[in-house]
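**Q** Handing you this structure, nothing more for now.
The values are calculated or read from the model by the stated rules, or taken from the named source; none is laboratory data. Here the structure is a predicted model, which is why all the values come from computation and not from measurement. Note that we place each Cβ from the backbone using ideal geometry, even for glycine, and neighbour counts take in every protein chain shown. These accessible areas exclude ligands, DNA and RNA; they are computed on the full protein's heavy atoms, side chains included. Shrake-Rupley method; radii C 1.70, N 1.55, O 1.52, S 1.80 Å.
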Amino acid sequence: MANQETQQRRPRQQRRSKDRPVVPARVPLRLLLRVASVAGGIQFGWALQLSLLTPYVQQLGIPHVWASIIWLCGPLSGLLVQPLVGHLSDRCTSRFGRRRPFILGGALAIIIAVLIIGHSADIGWWFGDTPKHRPWAVGVFVFGFWILDVANNVTQGPCRALLGDLTGISFFPMNFQSLRTNSKP
C-alpha cells in the first residue's frame, strides 16, 4: 500500500519505464520562435546568394568559367568552417552561452559581407576601374562573396546546435543499450 502511495506522489516522468525515453521539459514557444527566426535569416542569406548573385556576377563581366569557380567558395568554406566552429562552440565558456557569440559574430559578418558585395562596383570605381575593365570590383566582389559564405556557415552550425540545446533533444533519443535489450530476436 505504501508503495502505491509513493508512486502516485512521484512526478509522471519518474514513473516511466526505463525503455521509454524521457521527454525533456517544455521550452517556451517565444524562445523557440526567436531562435528559429535566426535559422530563417540564414536561409534568406543562402537564398540571396543563389538568386541574386549570379546576375550580379554577369553584370560585373566575370566570365562564366570563373563564375563557376566562385561558386566553389560555399562548399569549400562549409567543409572547413562548420566543423571548426562546431568544435569551438562546443567548448566555448562565454557568459552569453556556447552558441550565441558565434551566431552574433556570424550575423555581423553577414551584414558586412552584404555591404561589401552591394558596393563592390563603387569600391572598384574608387580604385580606378573603368566601365570596360573592372578588376577591383571583381576582386572586392569575390572577397565579399567568400566572406558571406564563411559567415553563413559560421552562423548556421551554432544556430542548429542551439535549437537542439534548448529543446534537449539529441540525435539518438534512446541509448543503444536499451535498443539491444528491447529488440526481439
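**Q** Could you please let me know if residue 88 is closer than 30 Å to residue 167 by Cβ and open to solvent by 50 Å² or more (accessible area, probe 1.4 Å)? Write out each step before concluding.
**A** Details: closer than 30 Å to residue 167 by Cβ: yes; open to solvent by 50 Å² or more (accessible area, probe 1.4 Å): yes.
Here the answer is yes, as residue 88 does meet what is asked.
**Q** Output the number of the condition that residue 100 fails; it satisfies all remaining conditions of (1) open to solvent by 70 Å² or more (accessible area, probe 1.4 Å); (2) free of Cβ contacts under 8 Å to residues at least 40 places away in the same chain.
**A** If we test residue 100 against (1) open to solvent by 70 Å² or more (accessible area, probe 1.4 Å); (2) free of Cβ contacts under 8 Å to residues at least 40 places away in the same chain, just (2) comes out false.
**Q** What pairs can you find where one residue is in segment 31-56 and touching a residue at least 40 places away in the same chain (Cβ under 8 Å), the other is among the hydroxyl-bearing types (Ser, Thr, Tyr) and surrounded by 15 or more Cβ atoms within 10 Å (Cβ to Cβ), and their Cβ atoms are less than 6 Å apart, with a gap of 6+ or different chains?
**A** 42/155
**Q** If you check every pair at least six apart or on different chains, which have Cβ atoms under 9 Å apart with a residue in segment 68-86 that is among the β-branched types (Val, Ile, Thr) first and a residue that is modelled with pLDDT of 80 or more and open to solvent by 90 Å² or more (accessible area, probe 1.4 Å) second?
**A** Every condition considered, the pairs that remain are 70/146.
**Q** Would you point out which residue out of 94, 77 is within 22 Å of residue 46 (Cα to Cα) and either under 16 Å from the mean Cα position of the chain (by Cα) or open to solvent by less than 50 Å² (accessible area, probe 1.4 Å) (or both)? Working first, answer last.
**A** Working: 94 fails: within 22 Å of residue 46 (Cα to Cα).
Going through 94, 77 in turn, the sole match is 77.
**Q** Then there's this: Looking at this structure, is residue 134 touching a Lys or Arg at 6+ places or on another chain (Cβ under 9 Å) and of a type in the set (Lys, Arg)? Don't jump to the end; show me each part of the working.
**A** On the way: touching a Lys or Arg at 6+ places or on another chain (Cβ under 9 Å): no; of a type in the set (Lys, Arg): yes.
No, not satisfied.
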